[in-house]
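To keep things clear, I will list the structure first and then write my remarks on it.
The values are calculated or read from the model by the stated rules, or taken from the named source; none is laboratory data. Quick caveat: nothing in here was measured; it's all calculated off a predicted structure. Quick reminder, even Gly has a Cβ in these numbers, built from the backbone with ideal geometry, and neighbours come from all protein chains shown. Note: areas computed on protein heavy atoms with side chains; ligands, DNA, RNA excluded. Shrake-Rupley method; radii C 1.70, N 1.55, O 1.52, S 1.80 Å.
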Amino acid sequence: MTFSGALTLTDLNDFITPSQACIKPVEQLDEPEQQADVGGAATQIHIDAAGGYYEVTEGQAKEKPSKKLQKAQISLNDCLACSGCITSAESVLITLQSHAEVFSFLASNPPPTSPSHKIPILSISPQTLASLAASISASSDSPIPLSTILRRVKAFSAQIGFAQTFDTTFSRHLSLLEHTREFLERRAVGPEAKLPMLASACPGWVCYAEKTHPEMLPFISRTKSPQQVMGALIKNWMAQKCGRSPDQIYHVTVMPCYDKKLEASRQDFYNEAYSTRDVDCVITTGELDLMMRERGWDLSIPVGDERLSHAATLSGIELPELLTHPGTSSGSYLHTLITTLSNSIPNPSLSTRAIRTSDYEEYVLTNADTGEVVFKGAKCYGFRNLQNVVRKVGKEAGVQVGRGAAAGRMAGGMGPRARRKPAGGAQVDEDVKRYDYVEVMACPGGCVNGGGQLRPLATKAGAANSMPPATDEEGFQRNWDNTGVRLESDGIEAGWKWANKDWVKRVEESYWHDLPTPPASPPALSRFNLPETLIEKSASLDPADKVARQILRELCLPTSDLLSWYSIMDEEAERRRTELFRTQYHAVESEVIGLAVKW
Ligand code: SF4
(Lines give C-alpha, C1' and ligand atoms only; values in the text may rest on other atoms or scores of the structure.)
Protein backbone atom coordinates (compact mmCIF):
# COMPACT_ATOMS: atom_id res chain seq x y z
CA MET A 1 0.00 0.00 0.00
CA THR A 2 1.40 3.37 -0.96
CA PHE A 3 1.76 6.03 1.71
CA SER A 4 1.96 9.73 1.13
CA GLY A 5 5.39 11.15 1.45
CA ALA A 6 4.10 13.38 4.22
CA LEU A 7 2.20 10.72 6.17
CA THR A 8 3.76 10.01 9.53
CA LEU A 9 2.58 8.30 12.65
CA THR A 10 2.54 10.73 15.52
CA ASP A 11 1.07 11.08 18.98
CA LEU A 12 0.47 7.36 19.11
CA ASN A 13 -0.12 7.46 22.81
CA ASP A 14 -3.34 9.37 22.19
CA PHE A 15 -4.95 6.72 20.00
CA ILE A 16 -7.59 4.60 21.58
CA THR A 17 -9.26 2.47 19.00
CA PRO A 18 -7.01 1.35 16.20
CA SER A 19 -8.47 -1.85 14.80
CA GLN A 20 -6.30 -4.80 14.02
CA ALA A 21 -8.24 -5.85 10.96
CA CYS A 22 -9.69 -4.13 7.93
CA ILE A 23 -13.19 -5.58 7.81
CA LYS A 24 -15.89 -5.01 5.24
CA PRO A 25 -19.20 -6.80 5.66
CA VAL A 26 -19.83 -9.36 2.92
CA GLU A 27 -22.29 -8.09 0.32
CA GLN A 28 -24.64 -10.71 -1.11
CA LEU A 29 -25.46 -9.36 -4.55
CA ASP A 30 -27.25 -12.41 -5.94
CA GLU A 31 -29.25 -15.31 -4.64
CA PRO A 32 -27.12 -18.01 -3.01
CA GLU A 33 -26.87 -21.18 -5.02
CA GLN A 34 -28.99 -24.06 -3.87
CA GLN A 35 -27.06 -25.76 -1.08
CA ALA A 36 -25.96 -29.27 -1.93
CA ASP A 37 -26.53 -32.02 0.56
CA VAL A 38 -25.52 -31.12 4.07
CA GLY A 39 -22.20 -32.64 4.87
CA GLY A 40 -21.19 -32.54 1.21
CA ALA A 41 -17.78 -31.59 -0.05
CA ALA A 42 -16.19 -28.57 1.65
CA THR A 43 -14.85 -25.67 -0.41
CA GLN A 44 -11.65 -23.70 -0.23
CA ILE A 45 -10.46 -20.42 -1.73
CA HIS A 46 -7.56 -20.81 -4.10
CA ILE A 47 -5.42 -17.88 -5.30
CA ASP A 48 -3.62 -18.34 -8.58
CA ALA A 49 -0.31 -16.82 -9.64
CA ALA A 50 -2.07 -13.81 -11.23
CA GLY A 51 -3.89 -12.99 -8.01
CA GLY A 52 -7.27 -14.42 -9.12
CA TYR A 53 -9.53 -15.98 -6.49
CA TYR A 54 -11.34 -19.28 -7.12
CA GLU A 55 -13.71 -21.40 -5.14
CA VAL A 56 -12.42 -24.96 -5.17
CA THR A 57 -14.49 -27.90 -4.08
CA GLU A 58 -12.67 -30.47 -2.03
CA GLY A 59 -11.21 -33.18 -4.22
CA GLN A 60 -11.35 -31.01 -7.33
CA ALA A 61 -8.07 -30.34 -9.07
CA LYS A 62 -6.81 -26.83 -8.25
CA GLU A 63 -5.79 -26.38 -11.86
CA LYS A 64 -9.47 -26.67 -12.86
CA PRO A 65 -11.27 -24.45 -10.39
CA SER A 66 -15.02 -24.33 -10.67
CA LYS A 67 -15.83 -20.71 -9.94
CA LYS A 68 -13.90 -17.47 -10.19
CA LEU A 69 -14.68 -15.16 -7.30
CA GLN A 70 -15.10 -11.41 -7.39
CA LYS A 71 -12.39 -9.34 -5.74
CA ALA A 72 -13.47 -7.35 -2.72
CA GLN A 73 -13.08 -3.62 -3.19
CA ILE A 74 -12.31 -1.31 -0.28
CA SER A 75 -13.26 2.27 -1.06
CA LEU A 76 -12.61 5.43 0.86
CA ASN A 77 -16.10 5.37 2.26
CA ASP A 78 -15.51 1.90 3.64
CA CYS A 79 -12.62 3.42 5.55
CA LEU A 80 -15.10 5.69 7.26
CA ALA A 81 -16.66 2.55 8.65
CA CYS A 82 -13.50 1.52 10.42
CA SER A 83 -12.55 2.76 13.83
CA GLY A 84 -8.88 2.09 13.41
CA CYS A 85 -7.73 4.15 10.49
CA ILE A 86 -9.31 7.46 11.33
CA THR A 87 -6.30 8.91 13.07
CA SER A 88 -3.52 6.52 12.30
CA ALA A 89 -3.24 5.13 8.77
CA GLU A 90 -5.54 6.74 6.25
CA SER A 91 -3.43 5.24 3.53
CA VAL A 92 -6.23 4.16 1.20
CA LEU A 93 -7.19 7.70 0.36
CA ILE A 94 -3.69 8.93 -0.21
CA THR A 95 -3.65 7.94 -3.84
CA LEU A 96 -6.98 9.71 -4.37
CA GLN A 97 -6.18 12.88 -2.50
CA SER A 98 -2.56 13.89 -2.57
CA HIS A 99 -0.29 16.66 -3.71
CA ALA A 100 0.71 14.44 -6.66
CA GLU A 101 -2.95 14.32 -7.67
CA VAL A 102 -3.11 18.14 -7.59
CA PHE A 103 -0.01 18.46 -9.77
CA SER A 104 -1.40 15.84 -12.11
CA PHE A 105 -4.73 17.68 -12.41
CA LEU A 106 -3.06 21.04 -13.06
CA ALA A 107 -0.83 19.51 -15.71
CA SER A 108 -3.74 17.88 -17.54
CA ASN A 109 -6.28 20.72 -17.18
CA PRO A 110 -7.06 22.01 -20.69
CA PRO A 111 -6.52 25.76 -21.32
CA PRO A 112 -9.25 28.22 -20.21
CA THR A 113 -10.46 28.55 -23.79
CA SER A 114 -11.38 24.85 -23.84
CA PRO A 115 -14.95 23.89 -22.85
CA SER A 116 -13.55 21.11 -20.65
CA HIS A 117 -11.32 23.49 -18.67
CA LYS A 118 -11.99 23.49 -14.93
CA ILE A 119 -11.28 26.54 -12.80
CA PRO A 120 -8.77 25.47 -10.12
CA ILE A 121 -9.42 27.12 -6.75
CA LEU A 122 -7.41 26.67 -3.57
CA SER A 123 -8.84 27.21 -0.07
CA ILE A 124 -6.39 27.27 2.81
CA SER A 125 -7.11 26.93 6.53
CA PRO A 126 -5.80 29.51 9.02
CA GLN A 127 -4.18 26.68 11.03
CA THR A 128 -2.17 25.79 7.92
CA LEU A 129 -1.05 29.41 7.57
CA ALA A 130 -0.04 29.40 11.24
CA SER A 131 1.98 26.22 10.81
CA LEU A 132 3.78 27.65 7.78
CA ALA A 133 4.36 30.94 9.63
CA ALA A 134 5.82 29.09 12.62
CA SER A 135 8.18 27.10 10.43
CA ILE A 136 9.44 30.29 8.73
CA SER A 137 9.70 32.13 12.04
CA ALA A 138 11.84 29.28 13.39
CA SER A 139 14.67 30.53 11.21
CA SER A 140 14.02 34.27 11.58
CA ASP A 141 13.95 36.71 14.47
CA SER A 142 10.50 38.16 14.04
CA PRO A 143 7.12 36.43 13.76
CA ILE A 144 5.53 36.52 10.33
CA PRO A 145 1.87 37.58 10.08
CA LEU A 146 -0.61 35.15 8.55
CA SER A 147 -1.52 37.77 5.96
CA THR A 148 2.09 37.72 4.72
CA ILE A 149 2.11 33.94 4.50
CA LEU A 150 -1.20 34.05 2.66
CA ARG A 151 0.23 36.54 0.11
CA ARG A 152 3.18 34.22 -0.53
CA VAL A 153 1.03 31.09 -0.80
CA LYS A 154 -1.22 32.94 -3.24
CA ALA A 155 1.78 33.86 -5.34
CA PHE A 156 2.90 30.22 -5.38
CA SER A 157 -0.54 28.83 -6.17
CA ALA A 158 -0.99 31.36 -9.01
CA GLN A 159 2.36 30.29 -10.43
CA ILE A 160 1.37 26.62 -10.53
CA GLY A 161 -2.00 27.35 -12.13
CA PHE A 162 -4.65 28.14 -9.51
CA ALA A 163 -7.09 30.85 -10.56
CA GLN A 164 -7.61 32.03 -6.99
CA THR A 165 -6.70 31.23 -3.39
CA PHE A 166 -9.04 31.93 -0.49
CA ASP A 167 -8.53 31.41 3.19
CA THR A 168 -11.31 29.57 5.02
CA THR A 169 -11.99 32.10 7.77
CA PHE A 170 -15.01 33.48 5.91
CA SER A 171 -16.52 30.03 5.45
CA ARG A 172 -15.80 29.49 9.14
CA HIS A 173 -17.74 32.70 9.79
CA LEU A 174 -20.74 31.17 8.00
CA SER A 175 -20.24 27.94 9.92
CA LEU A 176 -20.26 29.87 13.19
CA LEU A 177 -23.43 31.74 12.23
CA GLU A 178 -25.24 28.54 11.29
CA HIS A 179 -23.85 26.70 14.27
CA THR A 180 -25.07 29.42 16.65
CA ARG A 181 -28.46 29.33 15.01
CA GLU A 182 -28.59 25.55 15.39
CA PHE A 183 -27.74 25.79 19.07
CA LEU A 184 -30.45 28.38 19.66
CA GLU A 185 -32.95 26.25 17.75
CA ARG A 186 -32.11 23.24 19.88
CA ARG A 187 -32.35 25.19 23.10
CA ALA A 188 -35.72 26.63 22.10
CA VAL A 189 -37.14 23.08 22.03
CA GLY A 190 -37.16 23.02 25.84
CA PRO A 191 -36.60 20.06 28.15
CA GLU A 192 -36.58 17.55 25.28
CA ALA A 193 -33.74 19.40 23.52
CA LYS A 194 -30.81 17.32 22.33
CA LEU A 195 -28.25 19.07 24.48
CA PRO A 196 -25.40 19.34 25.00
CA MET A 197 -24.70 20.09 21.38
CA LEU A 198 -21.31 18.68 20.42
CA ALA A 199 -19.08 20.39 17.87
CA SER A 200 -19.06 18.91 14.36
CA ALA A 201 -16.05 20.60 12.74
CA CYS A 202 -13.62 17.81 13.59
CA PRO A 203 -14.05 14.75 11.36
CA GLY A 204 -11.63 12.82 13.57
CA TRP A 205 -14.15 13.01 16.38
CA VAL A 206 -17.29 12.68 14.25
CA CYS A 207 -16.12 9.50 12.47
CA TYR A 208 -15.11 8.07 15.83
CA ALA A 209 -18.59 8.77 17.20
CA GLU A 210 -20.25 7.21 14.15
CA LYS A 211 -18.30 4.06 14.67
CA THR A 212 -18.07 3.61 18.41
CA HIS A 213 -20.73 5.89 19.94
CA PRO A 214 -23.79 6.04 17.64
CA GLU A 215 -25.86 6.99 20.67
CA MET A 216 -23.99 10.31 20.63
CA LEU A 217 -24.96 11.20 17.05
CA PRO A 218 -28.16 13.12 17.93
CA PHE A 219 -26.03 15.41 20.08
CA ILE A 220 -23.51 16.28 17.38
CA SER A 221 -24.16 19.57 15.61
CA ARG A 222 -25.48 19.21 12.05
CA THR A 223 -23.69 22.33 10.85
CA LYS A 224 -21.10 21.73 8.14
CA SER A 225 -17.46 22.40 8.94
CA PRO A 226 -15.68 25.43 7.43
CA GLN A 227 -14.11 23.15 4.82
CA GLN A 228 -17.47 21.86 3.64
CA VAL A 229 -19.16 25.26 3.83
CA MET A 230 -16.33 26.54 1.63
CA GLY A 231 -17.02 23.64 -0.72
CA ALA A 232 -20.71 24.55 -0.88
CA LEU A 233 -19.81 28.19 -1.51
CA ILE A 234 -17.33 27.47 -4.26
CA LYS A 235 -19.35 24.82 -6.08
CA ASN A 236 -22.67 26.62 -5.82
CA TRP A 237 -22.51 30.37 -5.23
CA MET A 238 -19.18 31.03 -6.86
CA ALA A 239 -19.83 28.65 -9.77
CA GLN A 240 -23.11 30.48 -10.44
CA LYS A 241 -21.32 33.83 -10.35
CA CYS A 242 -18.71 32.63 -12.81
CA GLY A 243 -21.38 31.20 -15.10
CA ARG A 244 -20.08 27.67 -14.52
CA SER A 245 -21.58 24.44 -13.28
CA PRO A 246 -20.23 22.85 -10.07
CA ASP A 247 -18.24 20.24 -12.00
CA GLN A 248 -16.43 22.96 -13.94
CA ILE A 249 -14.52 23.99 -10.85
CA TYR A 250 -11.70 21.96 -9.30
CA HIS A 251 -11.60 22.80 -5.60
CA VAL A 252 -8.58 21.95 -3.47
CA THR A 253 -8.35 22.63 0.27
CA VAL A 254 -5.25 22.72 2.47
CA MET A 255 -6.03 21.45 5.95
CA PRO A 256 -4.17 20.64 9.16
CA CYS A 257 -5.06 16.92 9.20
CA TYR A 258 -5.67 13.82 7.10
CA ASP A 259 -9.12 13.42 8.61
CA LYS A 260 -10.30 16.28 6.42
CA LYS A 261 -9.69 14.04 3.41
CA LEU A 262 -12.12 11.57 4.90
CA GLU A 263 -14.61 14.35 5.54
CA ALA A 264 -14.50 15.62 1.95
CA SER A 265 -15.02 12.04 0.71
CA ARG A 266 -18.29 11.50 2.55
CA GLN A 267 -21.25 10.64 0.36
CA ASP A 268 -23.21 13.57 1.84
CA PHE A 269 -20.86 15.99 0.12
CA TYR A 270 -21.20 14.43 -3.31
CA ASN A 271 -23.34 16.18 -5.91
CA GLU A 272 -25.09 13.38 -7.81
CA ALA A 273 -26.51 15.72 -10.44
CA TYR A 274 -23.08 16.93 -11.55
CA SER A 275 -20.99 13.95 -10.37
CA THR A 276 -18.70 16.18 -8.39
CA ARG A 277 -17.64 16.74 -4.80
CA ASP A 278 -17.80 20.05 -2.94
CA VAL A 279 -14.09 19.59 -2.27
CA ASP A 280 -12.31 17.64 -5.00
CA CYS A 281 -8.99 17.18 -3.27
CA VAL A 282 -7.66 17.80 0.23
CA ILE A 283 -3.98 18.16 0.93
CA THR A 284 -2.34 18.70 4.28
CA THR A 285 -0.04 21.50 5.35
CA GLY A 286 2.89 19.10 5.01
CA GLU A 287 1.86 18.24 1.47
CA LEU A 288 1.62 21.91 0.51
CA ASP A 289 5.09 22.38 1.94
CA LEU A 290 6.28 19.45 -0.18
CA MET A 291 4.70 20.97 -3.27
CA MET A 292 6.54 24.24 -2.67
CA ARG A 293 9.81 22.47 -2.08
CA GLU A 294 9.37 20.30 -5.16
CA ARG A 295 8.87 23.46 -7.26
CA GLY A 296 11.77 25.25 -5.58
CA TRP A 297 9.53 27.85 -3.93
CA ASP A 298 11.01 29.44 -0.82
CA LEU A 299 8.26 30.71 1.46
CA SER A 300 10.71 32.81 3.44
CA ILE A 301 11.28 35.12 0.44
CA PRO A 302 8.89 38.13 0.20
CA VAL A 303 6.65 38.59 -2.83
CA GLY A 304 5.63 42.09 -3.97
CA ASP A 305 3.98 44.40 -1.45
CA GLU A 306 2.88 42.01 1.27
CA ARG A 307 1.58 44.72 3.56
CA LEU A 308 -1.44 45.34 1.38
CA SER A 309 -4.53 43.47 2.43
CA HIS A 310 -6.67 42.37 -0.48
CA ALA A 311 -9.98 40.62 -0.36
CA ALA A 312 -9.70 37.57 -2.59
CA THR A 313 -11.62 37.99 -5.83
CA LEU A 314 -12.66 35.68 -8.62
CA SER A 315 -14.50 37.09 -11.64
CA GLY A 316 -15.15 40.19 -9.57
CA ILE A 317 -16.50 38.21 -6.58
CA GLU A 318 -14.94 39.21 -3.29
CA LEU A 319 -14.73 37.25 -0.07
CA PRO A 320 -13.59 38.80 3.23
CA GLU A 321 -10.12 37.68 4.17
CA LEU A 322 -8.54 36.42 7.42
CA LEU A 323 -11.43 37.12 9.74
CA THR A 324 -10.62 36.86 13.42
CA HIS A 325 -12.88 34.76 15.61
CA PRO A 326 -11.75 35.20 19.19
CA GLY A 327 -11.64 32.11 21.36
CA THR A 328 -9.74 29.05 20.27
CA SER A 329 -7.47 28.37 17.32
CA SER A 330 -9.66 25.38 16.45
CA GLY A 331 -12.58 27.52 15.34
CA SER A 332 -13.91 29.41 18.38
CA TYR A 333 -17.22 27.53 18.34
CA LEU A 334 -17.66 27.59 22.11
CA HIS A 335 -16.60 31.22 22.46
CA THR A 336 -18.94 32.37 19.71
CA LEU A 337 -21.86 30.87 21.61
CA ILE A 338 -20.66 32.46 24.84
CA THR A 339 -20.37 35.85 23.12
CA THR A 340 -23.85 35.61 21.66
CA LEU A 341 -25.42 34.52 24.95
CA SER A 342 -23.46 37.13 26.91
CA ASN A 343 -25.08 39.76 24.71
CA SER A 344 -28.47 38.46 25.77
CA ILE A 345 -28.16 39.17 29.51
CA PRO A 346 -27.58 42.51 31.26
CA ASN A 347 -24.76 41.55 33.62
CA PRO A 348 -22.92 38.48 32.35
CA SER A 349 -20.20 36.82 34.37
CA LEU A 350 -17.98 34.11 32.92
CA SER A 351 -16.00 31.69 35.06
CA THR A 352 -13.59 29.07 33.73
CA ARG A 353 -11.68 26.20 35.18
CA ALA A 354 -9.28 23.65 33.74
CA ILE A 355 -10.01 20.02 34.47
CA ARG A 356 -6.57 18.49 34.82
CA THR A 357 -5.20 20.09 31.65
CA SER A 358 -5.75 23.12 29.43
CA ASP A 359 -7.20 20.69 26.88
CA TYR A 360 -10.28 20.23 29.05
CA GLU A 361 -11.80 23.46 30.33
CA GLU A 362 -15.26 24.29 31.58
CA TYR A 363 -16.94 27.65 31.01
CA VAL A 364 -19.91 28.80 33.05
CA LEU A 365 -21.83 31.92 32.02
CA THR A 366 -23.88 33.40 34.83
CA ASN A 367 -26.31 36.25 35.12
CA ALA A 368 -24.54 38.07 37.92
CA ASP A 369 -27.75 39.90 38.91
CA THR A 370 -29.70 36.74 39.61
CA GLY A 371 -27.03 34.08 40.02
CA GLU A 372 -28.70 32.02 37.31
CA VAL A 373 -26.37 29.82 35.28
CA VAL A 374 -27.24 30.78 31.72
CA PHE A 375 -24.86 28.48 29.89
CA LYS A 376 -22.35 25.81 30.73
CA GLY A 377 -19.93 24.63 28.09
CA ALA A 378 -16.62 22.89 27.77
CA LYS A 379 -13.65 22.77 25.48
CA CYS A 380 -12.42 19.22 25.16
CA TYR A 381 -9.39 18.31 23.04
CA GLY A 382 -7.64 14.98 22.54
CA PHE A 383 -9.13 11.49 22.61
CA ARG A 384 -8.37 10.90 26.23
CA ASN A 385 -10.42 13.90 27.34
CA LEU A 386 -12.99 13.10 24.73
CA GLN A 387 -13.63 9.71 26.34
CA ASN A 388 -14.41 11.41 29.61
CA VAL A 389 -16.78 13.85 27.98
CA VAL A 390 -18.61 11.15 26.02
CA ARG A 391 -19.15 9.23 29.22
CA LYS A 392 -20.31 12.29 31.12
CA VAL A 393 -22.67 13.44 28.37
CA GLY A 394 -24.10 9.95 28.00
CA LYS A 395 -24.72 9.73 31.73
CA GLU A 396 -26.36 13.14 31.90
CA ALA A 397 -28.51 12.51 28.85
CA GLY A 398 -29.53 9.08 30.08
CA VAL A 399 -28.13 7.17 27.11
CA GLN A 400 -26.04 4.07 27.35
CA VAL A 401 -22.58 4.89 26.13
CA GLY A 402 -20.48 2.59 24.00
CA ARG A 403 -21.01 -0.87 22.60
CA GLY A 404 -20.34 -4.10 24.37
CA ALA A 405 -18.31 -4.84 27.42
CA ALA A 406 -15.42 -2.74 26.21
CA ALA A 407 -17.40 0.43 26.69
CA GLY A 408 -17.29 -0.05 30.43
CA ARG A 409 -13.53 0.27 30.36
CA MET A 410 -13.66 3.53 28.51
CA ALA A 411 -12.44 6.00 31.04
CA GLY A 412 -12.04 6.88 34.66
CA GLY A 413 -14.96 8.66 36.27
CA MET A 414 -15.27 12.38 36.65
CA GLY A 415 -13.95 13.55 39.95
CA PRO A 416 -16.19 15.46 42.35
CA ARG A 417 -16.61 19.11 41.45
CA ALA A 418 -16.53 21.94 43.88
CA ARG A 419 -19.40 24.33 44.33
CA ARG A 420 -18.43 27.84 43.51
CA LYS A 421 -19.93 31.21 44.03
CA PRO A 422 -20.10 33.37 40.91
CA ALA A 423 -18.81 36.93 41.25
CA GLY A 424 -21.47 39.20 42.68
CA GLY A 425 -24.18 36.56 42.47
CA ALA A 426 -26.02 34.08 44.63
CA GLN A 427 -24.75 30.60 45.40
CA VAL A 428 -25.37 28.41 42.39
CA ASP A 429 -24.86 24.70 42.22
CA GLU A 430 -22.95 24.44 38.95
CA ASP A 431 -22.87 20.67 39.29
CA VAL A 432 -26.62 20.59 38.80
CA LYS A 433 -26.32 22.42 35.51
CA ARG A 434 -25.50 20.08 32.65
CA TYR A 435 -23.34 21.01 29.71
CA ASP A 436 -25.14 22.95 27.00
CA TYR A 437 -22.29 22.66 24.56
CA VAL A 438 -18.92 20.97 24.14
CA GLU A 439 -16.28 22.02 21.60
CA VAL A 440 -14.81 18.60 20.85
CA MET A 441 -11.59 18.21 18.89
CA ALA A 442 -9.68 14.98 18.41
CA CYS A 443 -6.16 16.41 18.52
CA PRO A 444 -4.49 17.36 21.79
CA GLY A 445 -3.98 21.12 21.55
CA GLY A 446 -6.62 21.31 18.77
CA CYS A 447 -6.18 21.95 15.07
CA VAL A 448 -2.84 23.78 15.38
CA ASN A 449 -1.51 20.34 16.32
CA GLY A 450 -3.25 18.42 13.53
CA GLY A 451 -1.55 15.33 12.13
CA GLY A 452 -0.94 17.02 8.77
CA GLN A 453 0.81 20.09 10.16
CA LEU A 454 4.51 20.77 9.75
CA ARG A 455 6.63 19.23 12.43
CA PRO A 456 9.76 20.43 14.10
CA LEU A 457 12.97 19.23 12.61
CA ALA A 458 14.43 15.78 12.37
CA THR A 459 18.09 14.96 11.94
CA LYS A 460 19.25 12.85 9.03
CA ALA A 461 22.09 11.22 10.88
CA GLY A 462 21.92 7.93 9.07
CA ALA A 463 21.86 9.27 5.52
CA ALA A 464 24.46 11.95 6.20
CA ASN A 465 26.98 9.48 7.56
CA SER A 466 26.26 6.60 5.18
CA MET A 467 24.97 4.66 8.13
CA PRO A 468 21.71 2.69 8.31
CA PRO A 469 18.62 4.93 8.18
CA ALA A 470 17.70 6.67 11.43
CA THR A 471 14.89 5.17 13.44
CA ASP A 472 11.90 7.04 14.71
CA GLU A 473 10.78 7.23 18.30
CA GLU A 474 8.85 3.96 18.00
CA GLY A 475 12.00 2.23 16.78
CA PHE A 476 10.90 1.91 13.15
CA GLN A 477 13.40 2.64 10.45
CA ARG A 478 12.69 5.78 8.50
CA ASN A 479 13.84 7.23 5.28
CA TRP A 480 13.62 10.84 6.38
CA ASP A 481 13.89 12.14 2.83
CA ASN A 482 10.51 10.67 2.12
CA THR A 483 8.52 11.61 5.17
CA GLY A 484 7.74 15.27 4.70
CA VAL A 485 9.51 16.02 7.97
CA ARG A 486 11.94 18.88 7.69
CA LEU A 487 15.50 17.78 7.96
CA GLU A 488 18.67 19.23 9.34
CA SER A 489 20.10 19.21 5.86
CA ASP A 490 17.34 21.60 4.74
CA GLY A 491 19.41 24.27 6.41
CA ILE A 492 17.17 24.84 9.40
CA GLU A 493 17.97 24.38 13.06
CA ALA A 494 18.03 20.70 14.00
CA GLY A 495 16.86 18.85 17.03
CA TRP A 496 13.17 17.89 17.01
CA LYS A 497 11.42 15.04 15.31
CA TRP A 498 7.86 15.25 16.47
CA ALA A 499 5.58 18.01 17.64
CA ASN A 500 6.04 18.96 21.23
CA LYS A 501 4.36 21.47 23.48
CA ASP A 502 6.84 24.20 22.66
CA TRP A 503 6.30 23.73 18.95
CA VAL A 504 2.50 23.71 19.27
CA LYS A 505 2.77 26.85 21.38
CA ARG A 506 4.76 28.49 18.62
CA VAL A 507 2.12 27.58 16.03
CA GLU A 508 -0.59 28.85 18.38
CA GLU A 509 1.24 32.17 18.75
CA SER A 510 1.62 32.44 15.00
CA TYR A 511 -2.10 31.78 14.62
CA TRP A 512 -3.03 34.78 16.76
CA HIS A 513 -0.26 37.05 15.54
CA ASP A 514 -1.38 40.20 13.84
CA LEU A 515 -4.64 39.09 12.29
CA PRO A 516 -5.79 42.09 10.31
CA THR A 517 -9.57 42.26 10.67
CA PRO A 518 -11.59 43.09 13.79
CA PRO A 519 -13.52 40.40 15.64
CA ALA A 520 -17.01 39.64 14.47
CA SER A 521 -19.68 38.08 16.62
CA PRO A 522 -22.84 36.61 15.17
CA PRO A 523 -25.96 38.53 16.18
CA ALA A 524 -29.09 36.80 17.38
CA LEU A 525 -32.86 37.16 17.15
CA SER A 526 -35.76 37.19 19.58
CA ARG A 527 -37.27 34.01 18.17
CA PHE A 528 -34.71 32.28 20.31
CA ASN A 529 -35.63 34.28 23.44
CA LEU A 530 -32.90 36.84 23.01
CA PRO A 531 -33.49 40.58 23.45
CA GLU A 532 -34.88 42.78 20.70
CA THR A 533 -31.77 44.97 20.93
CA LEU A 534 -29.87 42.24 19.18
CA ILE A 535 -32.26 42.42 16.26
CA GLU A 536 -31.30 46.05 15.87
CA LYS A 537 -27.66 45.12 16.22
CA SER A 538 -28.06 42.54 13.48
CA ALA A 539 -29.43 45.23 11.18
CA SER A 540 -26.10 47.10 11.34
CA LEU A 541 -24.14 44.20 9.98
CA ASP A 542 -20.39 44.20 9.68
CA PRO A 543 -18.93 43.60 6.19
CA ALA A 544 -18.57 39.84 6.66
CA ASP A 545 -22.18 39.54 7.82
CA LYS A 546 -23.34 41.58 4.86
CA VAL A 547 -21.67 39.19 2.43
CA ALA A 548 -23.06 36.26 4.44
CA ARG A 549 -26.57 37.64 4.12
CA GLN A 550 -26.10 38.24 0.40
CA ILE A 551 -24.97 34.63 -0.10
CA LEU A 552 -27.91 33.29 1.88
CA ARG A 553 -30.30 35.40 -0.18
CA GLU A 554 -28.79 34.40 -3.52
CA LEU A 555 -28.52 30.70 -2.74
CA CYS A 556 -31.75 30.13 -0.84
CA LEU A 557 -33.99 32.59 -2.73
CA PRO A 558 -36.30 33.49 0.17
CA THR A 559 -39.62 35.08 -0.71
CA SER A 560 -39.29 37.77 2.00
CA ASP A 561 -36.48 40.13 2.97
CA LEU A 562 -33.61 38.84 5.09
CA LEU A 563 -32.72 40.85 8.15
CA SER A 564 -29.83 38.61 9.12
CA TRP A 565 -28.53 35.05 9.04
CA TYR A 566 -31.07 34.26 11.76
CA SER A 567 -34.13 35.34 9.82
CA ILE A 568 -36.67 32.59 9.32
CA MET A 569 -37.30 32.02 5.63
CA ASP A 570 -40.12 30.28 3.80
CA GLU A 571 -40.15 26.49 3.73
CA GLU A 572 -38.46 26.01 0.38
CA ALA A 573 -35.69 28.50 1.22
CA GLU A 574 -35.11 26.80 4.57
CA ARG A 575 -34.85 23.45 2.79
CA ARG A 576 -32.13 24.89 0.55
CA ARG A 577 -30.36 26.35 3.54
CA THR A 578 -30.32 22.95 5.29
CA GLU A 579 -28.97 21.32 2.14
CA LEU A 580 -26.20 23.90 1.83
CA PHE A 581 -25.09 24.40 5.40
CA ARG A 582 -26.03 21.29 7.35
CA THR A 583 -25.20 17.63 7.10
CA GLN A 584 -26.12 14.34 8.68
CA TYR A 585 -24.36 11.39 10.28
CA HIS A 586 -24.65 7.69 9.91
CA ALA A 587 -24.10 5.09 12.56
CA VAL A 588 -21.73 2.45 11.31
CA GLU A 589 -22.62 -1.16 11.92
CA SER A 590 -19.66 -3.28 12.82
CA GLU A 591 -18.73 -6.32 14.75
CA VAL A 592 -15.48 -4.68 15.72
CA ILE A 593 -15.57 -3.08 19.12
CA GLY A 594 -12.81 -0.57 18.86
CA LEU A 595 -12.25 -0.21 22.56
CA ALA A 596 -11.81 -3.94 22.92
CA VAL A 597 -8.99 -4.06 20.40
CA LYS A 598 -5.43 -3.83 21.54
CA TRP A 599 -2.91 -2.33 19.19
FE1 SF4 B 1 -8.31 17.64 12.22
FE2 SF4 B 1 -7.26 17.43 14.65
FE3 SF4 B 1 -8.58 19.65 13.95
FE4 SF4 B 1 -9.89 17.38 14.34
S5 SF4 B 1 -8.75 18.55 15.88
S6 SF4 B 1 -10.17 18.81 12.63
S7 SF4 B 1 -8.45 15.84 13.59
S8 SF4 B 1 -6.67 18.90 13.08
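Quick notes
- Screening ASP561 against (1) in contact with an Asp or Glu (Cβ under 8 Å, 6 or more places away or on another chain); (2) part of a loop (DSSP other than H, G, I, E, B) leaves a single unmet condition, (1).
- Among the residues listed as LEU262, LEU217, LEU233, the single one being over 15 Å from HIS179 (Cβ atoms), in a helix (DSSP H, G or I) and at pLDDT 95 or above: LEU233
- Scanning the range 187-200 for residues that are more than 16 Å from the ligand (Cβ to nearest atom) and part of a helix (DSSP H, G or I) turns up at least one hit.
- Residue pairs meeting the criteria (Cβ under 8 Å; at least 6 apart or on separate chains; first under 15 Å from VAL252 (Cβ atoms), in the range 151-162; second open to solvent by 20 Å² or more (accessible area, probe 1.4 Å) and assigned to a helix (DSSP H, G or I)): ILE160/PHE103; ILE160/LEU106; GLY161/LEU106; PHE162/LEU106
- Residue in the range 336-347 that is most open to solvent (accessible area, probe 1.4 Å), counting only those that are touching a residue at least 24 places away in the same chain (Cβ under 8 Å) and part of a helix (DSSP H, G or I): THR339
- Qualifying residue in the range 153-174 (condition: assigned to a helix (DSSP H, G or I), farther than 21 Å from VAL448 by Cβ and under 20 Å from the mean Cα position of the chain (by Cα)): yes
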